[in-house]
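Structure first, then comments.
The values are calculated or read from the model by the stated rules, or taken from the named source; none is laboratory data. All values derive from a computational prediction rather than experimental measurement. A quick note on method: Cβ atoms are made from the backbone with ideal geometry, for glycine too, and the neighbour counts reach across all protein chains shown. Accessible surface areas use protein heavy atoms only, side chains included; no ligands, DNA or RNA. Shrake-Rupley method; radii C 1.70, N 1.55, O 1.52, S 1.80 Å.
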Amino acid sequence: MSSLVDEFPLIEGLRYLNHAAVAPWPRRAALAVRAFAEQNMTVGARDYPLWLKTEQSLRERLKRLLNAPSTADIALLKNTSEALSMVAFGLDWKPGDQVVISDEELPSNRVVWEALQPQGVEVIQISLRGTDPEAALLAACSARTRLMSISAVQYASGLRLDLARLGEGCEKRGVLFCIDAIQQIGALPFDVQESRCAFAMADGHKWMLGPEGLAVFYCRRDMRQALKLHEFGWHMLEHAGDYERSAWEPARSARRFECGSPNMLGAMGLEASLSLLEEVGMDQVGAALEARVSHLSAELTAVPGARLLSPSDSARRAGIVTFAVDGWDNAELFERLKAEQIVCALRGGGVRLSPHFYTPPTIIEQTLAVIRNL
Ligand SMILES: Cc1ncc(COP(=O)(O)O)c(C=O)c1O
């Protein structure tokens, strides 16, 4: 494997701690996209069958990354929000049905359920701030609850939930479990079977290190037919490519959720990015990320006036470290860090730092030095 320094040739002086927003691409992804552009320019789509092979390889990588039983359980969609919409507007709701979410979801995992209000669906928002957030979520499930939709890791606080416990609790209660996994997949191991989810989704541009606009949507086999389709086209047909055929049916696989031509450009990039994660291995990726997050959190806690807003317990976090500093307005603090070439985000009542497994320890030390000297 090429060295990580070679894979991430970020410009000198840049401290990139914003993987929870949009990540840099590894060199191999940039080269794959460059080669794809070159091909398009010189021979067009003459070698389309080879592109399809790369796309198939992407599906296989995603299957392994999610531990999905089959590539037939996976669709490639535009983004997390589109996949959530597929679920929300695919299920057959009855007036009075309830959906349980938390009260700190990114709008994508809230408005999509609130948009079902005309169908009589009620959204219950639960606080995760108590000592046992999983118990609070499960206690909110009533006989009317059809689905729980939750972020594996909260985008602002960085709180990570025990997905296996939630999945088991949902199963016992007959509640469908839907995971917005964008802040976990690629950061830590993730397993659709262990979490017993019916649906999971994540765009590739954060922890998976891919381009924006290409997301994985996992739909458990037994739920595939249950989702009503709202998008139709040549690509989602069982006999895609047989253009002469007048009788049709949706693909038996999750390709039924992909109406038309694929995002081949995105596939080139994401396939290459995931090849790096697979070479390193998700256990290694997770351990290296945790080492960085643990160090960053501990050192921040020791800075006089700094307050950690994200969990300090490793079982409760993934790659997000959010903090505030007494006497500093968050927006001013963000601007100050930006002036020091620290790429981060203003979120959750503080500043959010999000390294990844490859982030050089020196970058973390330099960032800490800036914060200590505020
Ligand atoms: C938890 C969470 N869900 C959803 C999204 C939005 O994802 P997408 O743009 O892929 O719809 C984000 C992006 O920040 C996020 O953090």
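Which pairs have Cβ atoms under 8 Å, sit 6 or more apart or on different chains, and link a residue in the range 34-49 that is under 12 Å from Leu265 (Cβ atoms) to one that is in a loop (DSSP other than H, G, I, E, B)?
Gln39/Asp47
Give me a count of the residues in the range 212-232 that are assigned to a loop (DSSP other than H, G, I, E, B) and either at positive phi or crowded, with 24+ Cβ neighbours inside 10 Å (or both).
2
What number of residues within the range 89-136 are under 21 Å from Asn79 (Cα atoms) and away from the ligand (no atom under 16 Å from the Cβ)?
Counting residues in the range 89-136 that are under 21 Å from Asn79 (Cα atoms) and away from the ligand (no atom under 16 Å from the Cβ) gives 3.
Condition first: open to solvent by 20 Å² or more (accessible area, probe 1.4 Å) and in contact with a Ser or Thr (Cβ under 8 Å, 6 or more places away or on another chain). Can you find one or more residues in the range 114-121 that meet it?
For the range 114-121, residues open to solvent by 20 Å² or more (accessible area, probe 1.4 Å) and in contact with a Ser or Thr (Cβ under 8 Å, 6 or more places away or on another chain): absent.
Before we move on, is Arg252 among the basic types (Lys, Arg), out of contact with any strand residue (DSSP E or B) (no Cβ under 8 Å at 6 or more places or on another chain) and open to solvent by 20 Å² or more (accessible area, probe 1.4 Å)?
yes
Go through Gly204, Gly241, Gly233 for me and flag whichever is at pLDDT below 95, within 23 Å of Ala267 (Cβ to Cβ) and of a type in the set (Gly, Ala, Ser).
From the options Gly204, Gly241, Gly233, the qualifying one is Gly241.
Residues being within 12 Å of the ligand (Cβ to nearest atom) and open to solvent by 40 Å² or more (accessible area, probe 1.4 Å): count how many of those fall in the range 143-198.
Residues flagged as within 12 Å of the ligand (Cβ to nearest atom) and open to solvent by 40 Å² or more (accessible area, probe 1.4 Å) within the range 143-198 amount to 2.
Open to solvent by 40 Å² or more (accessible area, probe 1.4 Å) and in contact with a Pro (Cβ under 8 Å, 6 or more places away or on another chain): does that describe Gln125?
Considered against the rule, which asks whether it is open to solvent by 40 Å² or more (accessible area, probe 1.4 Å) and in contact with a Pro (Cβ under 8 Å, 6 or more places away or on another chain), Gln125 comes out as no.
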